[in-house]
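Below is one structure, written out as structure tokens; the observations come after it.
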Amino acid sequence: MLQPGTKAPDFALPDKDGNTVRLSDFAGKRIVLYFYPRDNTPGCTRQACAFARSYDAFREKDVVVIGISKDSVASHLKFAQKYELPFVLLSDPELQAIQAYDVWQEKKNYGKVSMGVVRTTYLIGADGVIEKTMAKVKPDTNADEILAYLSGQE
């Protein structure tokens with residue numbers, strides 16, 4: 001897990017429409033960069049919908065929201081359309097950003113051990129440096145917790 005004060009690793013990944021998006025495209029803006037395991041699963045859907053509901057509040061604060069998983073571009077397109085997700089979803093099947101941000105980790109589920117994406121959110125400052133790290137976030141409260149932090153209520 002990357003710590004606050006670390007320069008955020010840049011990446012170039014396709015969005016839901018197949019366009020290449022780089023973290024550096026958003027230089028000068030604060031960014032909520034959240035990593036999640038999989039499109040259309042209960043927790044990931046709740047998390048994405050919570051960000052969608054709060055999207056206007058993030059825009060008012062001039063904060064960009066980006067979600068990343070290892071799902072395909074086609075999966076992201078269907079996910080975004082189904083739930084009317086207004087923010088950027090990036091596809092990382094080669095684990096480029098997922099590994100750079102140290103969220104590809106060993107997970108235990110019903111006694112079975114496997115590798116996977118650990119639900120993690122980073123707040124990146126306008127200077128490109130990680131401002132806040134949130135590990136093992138709760139899907140239902142993640143967006144509200146970040147907004148509270150951005151409002152100085154944490």
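The values are calculated or read from the model by the stated rules, or taken from the named source; none is laboratory data. Worth saying up front: this structure is predicted, and the values here are computed from it rather than measured. Cβ placement follows ideal geometry from the backbone for every residue including glycine, while neighbour counts extend to all protein chains displayed. Side chains are part of the model used for accessible areas, which takes the heavy atoms of the whole protein and leaves out ligands, DNA and RNA. Shrake-Rupley method; radii C 1.70, N 1.55, O 1.52, S 1.80 Å.
Only a single item in (1) open to solvent by 30 Å² or more (accessible area, probe 1.4 Å); (2) free of Cβ contacts under 8 Å to residues at least 60 places away in the same chain is not met by A148, and it is number (1). Residues that are crowded, with 19+ Cβ neighbours inside 10 Å and within 16 Å of A126 (Cβ to Cβ) within the stretch 1-19 comprise just one, A8.
Inside the stretch 76-107, can you point out the residues that are open to solvent by 30 Å² or more (accessible area, probe 1.4 Å) and touching a strand residue (DSSP E or B) at 6+ places or on another chain (Cβ under 8 Å)?
So the first thing to find is which residues in the stretch 76-107 are open to solvent by 30 Å² or more (accessible area, probe 1.4 Å), and the list is 77-78, 81-84, 86, 88, 93-94, 96, 99-100, 102, 104-107.
V88, Q96, W104, Q105, E106, K107 - these are the residues of the stretch 76-107 that are open to solvent by 30 Å² or more (accessible area, probe 1.4 Å) and touching a strand residue (DSSP E or B) at 6+ places or on another chain (Cβ under 8 Å).
Report yes if R22 is in contact with a Gly (Cβ under 7 Å, 6 or more places away or on another chain) and either basic (K, R) or open to solvent by 30 Å² or more (accessible area, probe 1.4 Å) (or both), otherwise no. So R22 does not fit the description; no.
With the structure loaded, tell me whether R59 is open to solvent by 60 Å² or more (accessible area, probe 1.4 Å) and under 15 Å from the mean Cα position of the chain (by Cα) or whether it fails that test. Outline the logic, then answer.
Working: open to solvent by 60 Å² or more (accessible area, probe 1.4 Å): yes; under 15 Å from the mean Cα position of the chain (by Cα): no.
For R59, the condition - open to solvent by 60 Å² or more (accessible area, probe 1.4 Å) and under 15 Å from the mean Cα position of the chain (by Cα) - is not met.
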